[in-house]
Structure formats: structure tokens, C-alpha cells
Amino acid sequence: MAYRWSLDGPGFEFPTPYSTENRFLRWRGRALLALAVLVVLVLALAGENPADRPVLALENLPDPGSVWPHVGVALLLAALGGLDLLRVSRQQALLLVPGQPASLVVQVRREGSGSSPGAPWLMRALGGGKLGGEAAATPPGPWARRLAARMAQAPTSVQRYLQLRLSQRALVAGLSLLLAAASAGLGPWLLNRPAAWALIALLLALLGTAVVVRQVLEPETPPIAPGGVALLLGAALLVALLLAAYADRLPLLADKLQRLGLPLAVAVLLAGGLLLEWLGVWAACANPDLPQPTAHTAADELSLGLDISPPQLMREIDLELHRRWPDGVPNRRYAWLPPQVDPALVEGPFNATVLEESQPRFADLAAAPLATAAAGPAGGAAAAASRRRALLLLNTLALLFSVAGGLLWARVAYAHMHDGSAPWTMGTAGLACLLLGAQAVRVAHVLWSRVEVGSTVTWLDFQGRYARLDSLGAGAEPTWARNEAPARIESVTLRACVAQIRSVFYAAAGDDIGSRTVLRLAGDTAAAGGWMRILEGLVRSTEAPARAAVAALPEVLARDRRVPDIRPVPPPRRPVRFCPECGTPVLQAARFCQHCGSVVGTD
């Protein structure tokens, strides 16, 4: 992990998890750009003179032989290829702002005190080594209940992703059933009414395109509830029946729609969509990132006497935690409960709790406690390989669908340049393939963004007894700050538990609480013993002034026992003054002689 400043502020630069996806995007972008050039070359070199071709009328469908639809598709291919290459350039590194990834539980503000609602769960995990939270609500249906029970402890981002995949698959499956019913059940009636068949195909094409475009443009869109899916399919069936009943009143529109060959495009779009959604569900369920069995995390415990005030003890602990911040990044604070002194009691017990997690760092994955931890349940490597195969298949299909769509449209452009009355069937099927290529990239993107990080969780639990200073006498009462309790700690027992945890999150998904899940947890006895040594050093630092005062006490007493010398000290002798004229002695401060009045001056 590297700490980097940018115009948007500081951020943490991680190695990119999109290396494989970037490779496919690079191939896809170059292929789409090459296909755009191919379509332009077909338009420039094939067919009749461009000056003789008709011009596109915006109020009507393109006339046969017009170059403008092909030019538009060539621009679309070039734009899609350019967007893929732009995305590759932005995914060369993963930049996370402070606060990402999300904390394990809700944080406590550093300016105050308190405990997070999720702190008891984390303490139980540290004390007993058992990970996992409460089970989620069971949805209806045996298959859905089994799936929800399996994914209950997975990151919330994966759960939302799976719900979206299931909702999309149910909607696409319903549209496929409508298409199958229109082809089989209503087939004899619709074959004699091509206008009705064309309008129903247009309706299904619009709905299928809306499903794909909604997912591509809004990847974090919430899934449609089962009731909403049923309502939408019912409305689509009702509109399809109305179109079939009144299709004869729109002969001109139906005649133009028949030339587009929409039934084949709808069939390709829905069949490909079902395949992609099934692969997405398979990839999400193959390796759901569940907490793995962890051994009991032992904690070191130390009891000793300590002559220090409770606020001073918490200040020393806070300073030591500050010195251990990785790269100067503040810890995630989950509990900070300082000792509480009851003013009504002369002495009594106290408790204090500190629970913090260091900033998750990519480099901590090579830490010794995690490297020696269990590799996970049996089959974990096979599940990870299964997910990777599903993601590789999704990206391969994205590449194949995109290339097939471009080639189909190039074939249509070539046919129209030679025969203006050629059908558009392959062209609409090519557009359906391009939509499927974009959908496949979006389905795989979230799961490619999986990142594992390591962090250190420190849990300090203090238990001891305190004594009020007023019970020790007025001479022992020091000067106290306004926010400090007038008490002194007599004895304290420290229980320190330090663990190295490995967690996982998905960078392309949300960063709310629950989106990062603990996979493994390993106790760090060396770090826990370090806190014991810190507390012992704090005891020595508080005892040093007292020992120095005791050592200097004999010298002070001996100095006080010495008999003072009380002999009088004679005043300092001053020289005698005489008058320079008559020789009579004069006073020390006199300016004139008192005998002859001559000026004698001053010293």
C-alpha cells in the first residue's frame, strides 16, 4: 500500500485487482475500433457511388441503401472501444480515499468516548475465535432459502449483487416466456397477422434493451422486488395483447418494423441475457467469502500495582496506540471506555476498555500470523478456481459478443451497399450482440474488484481498584485538571488481546458497514506481550520519582540536623575622614568641615 496525494486529496494506492479484466478490455477496445474502421471501409469501397445513395430522413426509418445507419453504428463501435481503453487506463491502480474500505463495525469518534453497537461481536470473535454475525431473514422457496443461508455471512455487496442477478434473471426469463408464448401459443394467429407479431417483437425488444441499459448505466441500481417483476411482466403481457388486437390499425408502422427482423434480435438478446445472468449467479455462489474456522485467540494477562491517575493511564495508552499507527493513518476506533470514578465512594473497582483496528493494508497479507493460519475449509481453492472460470467465461463472452456484433453489422453494410432492399435482420441481431457484450463486462466487473487486506485489532481490558485522594490526606493531594477525577489507581489487571485479521471487500461495490468481511483471524501473542511490557515500563516510570525522593531523604534529614552558627557578624569597617584645612575629623556624609567651614567634598 502506498500513500499518495492528488488534487482530490490523499488516497491509498493498492495494486489493481483488474489485471485480468484490463487485458480483456484492451482486446475488446482494439477489436471494436478495428470493426469501426472495417464498417467505414465497407461503406467507402463497396456498392454504388455515394452521391447516388439516399439521405436519412429523421421522421422515418432509413431507406434501403442509406449509409447513415452504418455510419452511426461505426461511431458507436468507436465510442465503445475508446471507453474500454479509457477504463483500462483508469484501472491501472486502485486508489481508495481515507475511510475506504469500510470499517468492520461503526466507529466511535476520537474526541469522545463510547462503544460501537458492533463492538461486542468483535470482542466475542477475538475472545473465542468464532466469526460470523446473525443469520439473515429466510426468503420464501426452498432453493432461495438454501442460497440465503449459504450467503448470510458474505459481504453485503455480494449479497446485493446476487439479489440483482436473481431479479434480472427472473425478469429476462419472464420476457423469454412471453416470446415463447407469442411464438408457440399465438403462432398460428400471429403468422396470419405479421403486423401484430412485429409490434409484439418491438415491445419485447424495448423491454430487453431497457433491462440491459439500466444495468450498464447504473450498476449499483437496487434489484426489483419479486412483486415488481411480476407486475412488470403482467403489464407487458397486457400491452402485448392490446398491440396484437389493434395492430391492423397501424399498417404503415408494422410494415416498416417487419423489415428490421426484430424477432431474431429479441431471441438473441433474451437467450444471451439468461446465459450471462446464470454465469453471474454461478460466480457469486462459487466462492462466497464466508468466515473460516479459526482457533481460539489467546490473550495475555498481567496484574500489578500502579500509582497513576485514571486519566493519565488512558493518555499513555492513547499515545502508545498513536505511535503504532501504520503510515501515520489513524486507527479505526470501535470502543473507548475510560475508568469511571464514583464520587460517593472512597475507593472502589473500575473498568476500562479500548478496541481499535489499524488501517487495512494490502502489504499486511504477508504477515507471519496470517501466513501460518489455516488455508480455509476443504474445497476453498476449488471454489476460487470455479469463480475465476466463471469470470473468465463472462469476459470471453463479452469479447465474442462484441466481435460478432461488429462483424454482423459489417456484413449488413456490405449487403446494403450492393442491394438496397436487403433485410436488416443481421443488423438488429448485431446490435443485440453489442448490448450483450456490454452487459457481460458489467456483470463480471464487481466480482473482479475483490481485494483482500490485512489489519491489526487491539483489545485492551483494564480492571482494578482506585482510591480517592481526599482519603489519603491533604498533603497527598496534587493539582488536578478540571476534567480529571481526584483519584489514584492502586492496582490494575490488564488483559490484552491482539489479532491479525484478513478481510475482503469489493472495490467496485458500496463501502457501507458490512461490505468488508473477516475471513480469518489469528492471535498475535508477541504483540499482546508487548502491551504487558509497556504497562510494566509505565509502572517503572511512575515509581522512579518516588525512589529518588526516598534515596535523597537521609541527606535532607542530615542537613536539617546541623547546628546553625549564630555568632554575631561585625559590621564592615569604613575609612575616617579629616578636613584638609584644619585637620579636624569630620562626619562620613558631611560636605563641609564643622570646625572651619571648608569644603571637604564626598566619597
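The values are calculated or read from the model by the stated rules, or taken from the named source; none is laboratory data. Quantities reported herein were computed from a predicted structural model and do not represent experimental measurements. For neighbour counting, all protein chains shown are included, and Cβ atoms are generated from backbone atoms with ideal geometry for every residue, glycine included. In case anyone asks, the SASA skips ligands and DNA or RNA and just uses the protein heavy atoms, side chains included. Shrake-Rupley method; radii C 1.70, N 1.55, O 1.52, S 1.80 Å.
Restricting to segment 324-349, name every residue that is more than 17 Å from S309 (Cβ to Cβ) and outside any strand (DSSP E or B).
Selection gives R324, W325, P326, D327, G328, V329, P330, N331, A344.
Does segment 388-409 include one or more residues that are modelled with pLDDT under 90 and among the hydrophobic types (A, V, I, L, M, F, W, C)?
no
Restricting attention to segment 307-337, which residues are small (G, A, S) and crowded, with 17+ Cβ neighbours inside 10 Å?
S309, A335
Name, by its number, the condition in (1) more than 30 Å from L257 (Cα to Cα); (2) open to solvent by 10 Å² or more (accessible area, probe 1.4 Å) that does not hold for V443.
Among (1) more than 30 Å from L257 (Cα to Cα); (2) open to solvent by 10 Å² or more (accessible area, probe 1.4 Å), the lone unmet condition for V443 is (2).
Of everything in segment 389-413, what is surrounded by fewer than 20 Cβ atoms within 10 Å (Cβ to Cβ) and in contact (Cβ under 8 Å) with a residue 60 or more places away in the chain? Give them in sequence order.
Scanning segment 389-413 gives L392, L393, T396, L399, V403, L407.
Of the residues that sit in segment 338-349 and are modelled with pLDDT of 80 or more and surrounded by fewer than 20 Cβ atoms within 10 Å (Cβ to Cβ), which one is nearest to W121 (Cα to Cα)?
For segment 338-349, the residue satisfying everything is Q340.
Take the residues of segment 217-267 that are open to solvent by less than 40 Å² (accessible area, probe 1.4 Å) and either polar (S, T, N, Q) or more than 20 Å from A180 (Cα to Cα) (or both): which is modelled with the lowest pLDDT?
Residue satisfying both the conditions and the ranking: A254.
Among the residues of segment 499-542, which ones are open to solvent by 40 Å² or more (accessible area, probe 1.4 Å) and part of a loop (DSSP other than H, G, I, E, B)?
D511, D512, I513
Inspect all residues belonging to segment 127-144 and state whether any of them is modelled with pLDDT of 85 or more and in contact with a Lys or Arg (Cβ under 7 Å, 6 or more places away or on another chain).
Among the residues of segment 127-144, not one is modelled with pLDDT of 85 or more and in contact with a Lys or Arg (Cβ under 7 Å, 6 or more places away or on another chain), which makes the answer no.
Can you find a residue that is on the phi < 0 side of the Ramachandran plot and at pLDDT below 80 anywhere in segment 156-173?
no
Can you pull out the residues in segment 446-473 that are open to solvent by 40 Å² or more (accessible area, probe 1.4 Å) and outside any strand (DSSP E or B)?
D470, S471, L472
Looking for something touching a strand residue (DSSP E or B) at 6+ places or on another chain (Cβ under 9 Å), modelled with pLDDT of 85 or more and open to solvent by 10 Å² or more (accessible area, probe 1.4 Å) - is there at least one such residue anywhere in segment 490-498?
Yes, there is a match, as at least one residue in segment 490-498 is touching a strand residue (DSSP E or B) at 6+ places or on another chain (Cβ under 9 Å), modelled with pLDDT of 85 or more and open to solvent by 10 Å² or more (accessible area, probe 1.4 Å).
If you scan segment 85-106, which residues turn out to be part of a helix (DSSP H, G or I) and either open to solvent by 50 Å² or more (accessible area, probe 1.4 Å) or in contact with a Ser or Thr (Cβ under 9 Å, 6 or more places away or on another chain) (or both)?
Of everything in segment 85-106, those that are part of a helix (DSSP H, G or I) and either open to solvent by 50 Å² or more (accessible area, probe 1.4 Å) or in contact with a Ser or Thr (Cβ under 9 Å, 6 or more places away or on another chain) (or both) turn out to be L85, L86, R87, S89, R90.
Take L206 and tell me if it is in contact with a helix residue (DSSP H, G or I) (Cβ under 7 Å, 6 or more places away or on another chain), within 30 Å of H445 (Cβ to Cβ), modelled with pLDDT of 85 or more and open to solvent by 60 Å² or more (accessible area, probe 1.4 Å).
So L206 does not fit the description; no.
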